[in-house]
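Worksheet: one structure, shown below.
The values are calculated or read from the model by the stated rules, or taken from the named source; none is laboratory data. Just so we're clear, the structure is a prediction, and the values are computed from it rather than from any experiment. Cβ sites come from the backbone with ideal geometry, for glycine too, and all protein chains shown count toward neighbours.
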Amino acid sequence: MTNAPAPGLAWVHRYVPAPDLGAGATAPVPPGTVTLLLLHGTGGDENSLVGLGRLVAPGANLLAVRGRSLDEGTPRFFRRFGPTSYDQENIVAEAVALGEFTRRAAATYGFSPRGLAALGYSNGANIALATLAYDPDAFAAAVLLRAVMPLEQPPAARFGGKPVLLLTGARDPYAPHARDVGPYLRKGGAALEELTVAAGHELVEEDVRRVTDWLTSFGRAVAVG
């Protein structure tokens, strides 16, 4: 694993291969079939979601990335002017760069892009959504936890049935800014599962359960091919 940019990978990140379950072990999804691209929230880093990733997908490879923007000294994936006012030029540039990173990472670490699913929380979910908008082939699926629409003028997108799970907190103060996310994904042709959980902006046990079930189904579909 690494916590620094590997050659050609200009993002600080951590790669954790799928665990070896040992001879005779069985799993719902073969180890290494799925790779989770873990994208932290504001103030997190490449270590923040590794525990969650292993919990929701025990047999997955984990690729955890640190955002390259700083907000009062803490990492983010793009600059902001206020709580819901974002630097649009910076979002697009970082979204495109993240898409390129995923391709280089697949070649570097040897995982299949067919099994790459982004799992983003808050700011990480927003950069995942922006990356889907500008580079729909950057990953094969996405889990968006507490996302809002970060793009003021999102491009017309063609998601081609790409599976996406969108989980919004019923008491999340940012929820009003999330109302355009589902319609945008559906209009673009994503295979969207959209759920509201009994939570605020924080993650709760229901998130873990929903994401685990969804990723298991995604992994089985990838394994079947």
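Could you tell me whether any residue of segment 77-89 is of a type in the set (A, V, I, L, M, F, W, C), more than 20 Å from Asn47 (Cα to Cα) and in contact (Cβ under 8 Å) with a residue 60 or more places away in the chain?
Scanning segment 77-89 turns up no residue that is of a type in the set (A, V, I, L, M, F, W, C), more than 20 Å from Asn47 (Cα to Cα) and in contact (Cβ under 8 Å) with a residue 60 or more places away in the chain.
If we scan segment 125-148, do we find a residue that is surrounded by fewer than 17 Cβ atoms within 10 Å (Cβ to Cβ) and of a type outside the set (Asp, Glu)?
no
Does segment 108-122 contain at least one residue that is over 21 Å from His177 (Cβ atoms), of a type in the set (Gly, Ala, Ser), without any contact (Cβ under 8 Å) to a residue 60 or more places away in the chain and crowded, with 20+ Cβ neighbours inside 10 Å?
No; the residues of segment 108-122 include none that is over 21 Å from His177 (Cβ atoms), of a type in the set (Gly, Ala, Ser), without any contact (Cβ under 8 Å) to a residue 60 or more places away in the chain and crowded, with 20+ Cβ neighbours inside 10 Å.
Any idea which of Val211, Val204, Val164, Val224 is more than 14 Å from Leu129 (Cβ to Cβ), buried (at least 19 other Cβ atoms within 10 Å of the Cβ) and out of contact with any Phe, Trp or Tyr (no Cβ under 7 Å at 6 or more places or on another chain)?
Sole residue among the options that is more than 14 Å from Leu129 (Cβ to Cβ), buried (at least 19 other Cβ atoms within 10 Å of the Cβ) and out of contact with any Phe, Trp or Tyr (no Cβ under 7 Å at 6 or more places or on another chain): Val211.
Report yes if Thr131 is under 24 Å from Asn90 (Cβ atoms), touching an Asp or Glu at 6+ places or on another chain (Cβ under 9 Å), of a type in the set (S, T, N, Q) and at pLDDT 95 or above, otherwise no.
So Thr131 passes the test.
Name the residue that is surrounded by the fewest Cβ atoms within 10 Å (Cβ to Cβ), counting only residues in segment 75-97 that are small (Gly, Ala, Ser) and under 16 Å from the mean Cα position of the chain (by Cα).
My answer is Ala97.
Which residue pairs have Cβ atoms closer than 9 Å, lie 6 or more positions apart in sequence or on different chains, and pair a first residue in segment 3-16 that is farther than 22 Å from Arg54 by Cβ and in a loop (DSSP other than H, G, I, E, B) with a second residue that is at pLDDT 95 or above and among the β-branched types (Val, Ile, Thr)?
Pro5/Val12; Pro7/Thr108; Gly8/Thr108
Only one of these is surrounded by fewer than 24 Cβ atoms within 10 Å (Cβ to Cβ), out of contact with any Gly (no Cβ under 6 Å at 6 or more places or on another chain), over 24 Å from Thr168 (Cβ atoms) and modelled with pLDDT of 95 or more: Glu72, Glu100, Glu46. Name it.
Glu100
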